[in-house]
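Below is one structure, written out as structure tokens, with a few remarks after it.
The values are calculated or read from the model by the stated rules, or taken from the named source; none is laboratory data. Just so we're clear, the structure is a prediction, and the values are computed from it rather than from any experiment. In this analysis, Cβ positions are derived from the backbone assuming ideal geometry, glycine residues included, and neighbour counts consider all displayed protein chains. Accessible surface is based on the protein model in full, side chains and every heavy atom, while ligands, DNA and RNA are left aside. Shrake-Rupley method; radii C 1.70, N 1.55, O 1.52, S 1.80 Å.
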Amino acid sequence: MSKEEIGLIASDAASGNVDAKYLYANYLASTNPKGTPEGEAMRAEAATAGHPSAEYDMCLTESLSHEPPSMSSCLLAALDGNPNAQAWMGLALSAGMFGLKEDASAALGWYRMAAFQGDTIALSTVGDQYSSGTGVQKDDALAIHYWERAASQDNAPALRQLGRAYALGWGVPVDLEKSKSYFTRASDFGDGPSQYYLGLVYRVTGNFQSAYVMQTLALKTVDAGEIRDGVVKQRIELQSMLSPEQVRKSVKIAKGWRKKTPKPAPFIGGTDFIKRLQRELNKRGFSAGDEDGIAGSATVRAYRQYADVLHVPNAPFDRPAIYYVAYRLNLYGKVQPSPPSTPAPVVASQEVPSPPAPDVSDKQAPKSDLVSTGSGFVVDHNGHVVTNAHVAKGCSSIGIIDQQGNKLAAKTIKVSEFSDLALLQSDGLKDSASVAFRGGDPVKLGESVVVFGFPLTGTLSDHGNLTVGNLAALSGLRDDPGMLQISAPVQPGNSGGPVLDSHGRLMGVVVAKLNAIAVANVTDDIPQNVNFAIKSSVLENFLQASAIEYETDGQAAKELPITDLASLAQRVTVRIECHGPS
């Protein structure tokens, strides 16, 4: 960057521009590897404002440099959708690092979230866990699926595992040619174990000289351990099968071998980052495609067209260029942003054009225009309520209507747009009944579920509405690991309401229903009751990041009659009202 550009970035950073703060913090770090107080302060402010890479930087600093180590920044970054932080949480939980208790199942949950966004290491690791049955039921087919996705990005460990799968028949027919192909690709990238395994395949197929070449290469790249012992043994045995001239030629070939460089991994700044990028590019007339958080060819093309306008020709879709473009697009606004405009309605929340709300007391919502309504539920005895981020976003004030019809004022404590969760607090709900979480009891396909909420305000009951159904799938759209699919009917206004199991424990948070009209236009068929909920485990992480204590009932005594479930759900669920400017 030129001095003029650096000066402009510094000026914008001083005025509060979040993207500029992160960019200038990186510039200061490049001029002083030990860091500067000004740069670190700017990075911290950018992290607080939700910049994904700033959050991850803080995550690494706290987990690696603090004594005792802290994972609070990592948890916040992971909840905000940063795939690097999600993978880091998975690593910490799988190994019991940084003060966290070892938990293979919880680690898999974080790895799957990172894998869902395309993180190569997470894809390979999820495949390993399914292959070994670590923290999950063993499933060779799923292991192959994740390894293949990682291998498409030249991930050497995944290529190695696929080579072993085809050599040993793990979920696929034995095919030594395919095995050799995968081992060869991984070996070309300098993966020592793959060079050893490729040598074994060459030996089995009778190519002893090539086998000796690979074992000679492996001797330089494999660390001490079982595989290295195998390498030494193989070289001794193979040497006795070759002539001295063949041995000399093999050693010469090994000396001339050069490691290949894998293709660069695609940039994954997180779904929220890509959505913001797509939205701002589309606003400026650059066709970035659907604002879905997936960086497809249309998004990359639009990004490069805009970069050309900024005189950044052939800009790579990667750091640091992408953050300069993000700064010019002003993706994250200012550190203290003004209230955003009302969001477009989401299918399970309800827009309500209505007269201004009446004047109320200081425990009630202030007079303002009612923009939309949703549902929420109480999670502790301190008046904390959970709902969806899209229900609470863009409100000048938020009101809560309890089961007695009281209108209570509420304040927003935390919002995670990536997880679509929001935490509210109302003093009027202190000591109210709160929901119990299911905890570590695994959910099972086909389980009965009930949904409670306040759909179609002004049309259906003011006291709430109960629907019943089943757990239809253990993941959401595009196999989103943070979601559940439920068959219980959902209507506008149900967003943010609880999904309870047959024991009355929280399984999830209602978030959306499939757009039946859009699907019908594509498939000529209208889907019935295809609805989605955020998993309670995602919500638990969200609450832990906010230091909220909640009740867990992992071993419920018995199933409850539907009438008791209805009564329980009604006690803990409230209506959320989003008010705009009066």
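Amide H neighbours of residue 508 under 5 Å, at least 5 residues apart or on other chains, H built in the peptide plane: list them.
Excluding prolines and chain starts, which carry no amide H, the hits are 499, 536.
Could you tell me what percent of the accessible area of the chain is made up of carbon and sulfur, with a 1.4 Å probe and every protein chain present?
Carbon-and-sulfur percentage of accessible area, whole number: 52.
Describe numerically, in nm with one decimal, the distance between label points set 7 Å from Cα along Cα→Cβ at residue 29 and at residue 448.
Simple spin-label model gives 5.3 nm for this pair.
Quick check on the chain: helices-only [θ] at 222 nm, where DSSP H runs of length 4 and up contribute -39,500 (n - 2.57) each and the sum goes over total residues. Nearest 500, please.
Dividing the helical sum by the residues of the chain leaves -13500 deg cm²/dmol.
Counting every Cα pair in the stretch 1-156, what percent are over 29 Å apart?
Values: 3720 of 12090 pairs.
Tail of the P(r) past 29 Å holds 31 percent of the pairs.
Quote the Stokes-Einstein diffusion coefficient, in whole µm² s⁻¹, for the chain, based on the Kirkwood radius over alpha carbon pairs, a temperature of 37 °C and a viscosity of 0.692 mPa s. Let's see the in-between values first.
Values: Rh = 26.5 Å.
Stokes-Einstein gives a translational diffusion coefficient of 124 µm²/s.
Helix 244-255 versus the longest principal axis of the chain: what angle, 0 to 90°, nearest 10, using Cα atoms?
Tilt relative to the chain: about 30 degrees.
Using Cα centres only, tell me the gap between the stretch 14-40 and the stretch 173-194 in whole Å.
Distance between centres, Cα-based: 44 Å.
When the solvent-accessible surface of protein heavy atoms is calculated with a 1.4 angstrom probe, in what order do 444, 3, 275 fall, highest first? Please list the in-between numbers first.
Values: 444 115, 3 175, 275 80 Å².
Ranking 444, 3, 275 by accessible area, largest first, yields 3, 444, 275.
To the nearest 10 square angstrom, how much accessible area does residue 113 have with a 1.4 angstrom probe?
Counting only protein heavy atoms, the figure is 30 Å².
How much length is gained if the chain between residue 312 and residue 413 is pulled fully straight, taking 0.36 nm per residue apart and subtracting their Cα-Cα distance, in nm to one decimal?
Stretched out fully, the residue 312 to residue 413 stretch lengthens by 32.4 nm.
On a 1.4 Å probe surface of the protein chains, which of 67, 177 comes out largest in accessible area, and what is the full order?
67, 177
Once phi is turned into ³J(HN,Hα) by the Karplus curve 6.51 cos²θ - 1.76 cosθ + 1.60 with θ = phi - 60°, what whole-Hz value does each residue of the stretch 492-502 show in order, with x for glycine and proline?
Couplings: x, x, 6, 3, x, x, x, 10, 10, 8, 6 Hz.
Can you tell me the dipole magnitude for the chain around its Cα centre, using point charges on the Cβ only (Lys, Arg +1; Asp, Glu -1), in Debye to the nearest 20? It would help to have the intermediate numbers written out before the result.
Values: 52 positive and 61 negative charges, 443 e Å.
Here the chain has a charge dipole of around 2120 debye.
Please give the FRET efficiency for residue 224 paired with residue 427, using the beta carbon to beta carbon distance and R0 = 45 Å, rounded to the nearest 0.05.
Working: r = 62 Å, r/R0 = 1.38.
Here the calculated transfer efficiency is 0.15.
Taking 7 Å along the Cα-to-C-beta vector as the label spot, tell me the residue 38-residue 152 distance in nanometres, rounded to one decimal.
Result: 4.6 nm between the two label points.
Arrange the residues 276, 328, 203 by how much accessible surface each exposes, largest first, with a 1.4 angstrom probe.
On the way: 276 40, 328 95, 203 60 Å².
Order by accessible area, largest first: 328, 203, 276.
Residue separation times 0.36 nm, minus the C-alpha to C-alpha distance between residue 72 and residue 297: what's the value?
77.5 nm
How much accessible surface does residue 530 have with a 1.4 Å probe, in Å² rounded to 10?
30
At 10 °C and a viscosity of 1.306 mPa s, what translational diffusion coefficient does Stokes-Einstein give for the stretch 271-329, taking Rh as the Kirkwood radius over Cα pairs? Give it in µm²/s as a whole number.
Rounded, D is 145 µm²/s.
Relative to the longest principal axis of the C-alpha atoms of the chain, give the angle of the C-alpha long axis of helix 192-204, reported between 0 and 90° and rounded to the nearest 10°.
50
Residue farthest toward the positive end of the dipole of the stretch 271-329, with Cβ of Lys/Arg at +1 and Asp/Glu at -1: which of 321, 309, 274?
309
If you roll a 1.4 Å probe over the heavy atoms of the protein chains, what accessible area per residue do you get for the chain, in Å²?
Roughly 46 Å² per residue, with all protein chains present.
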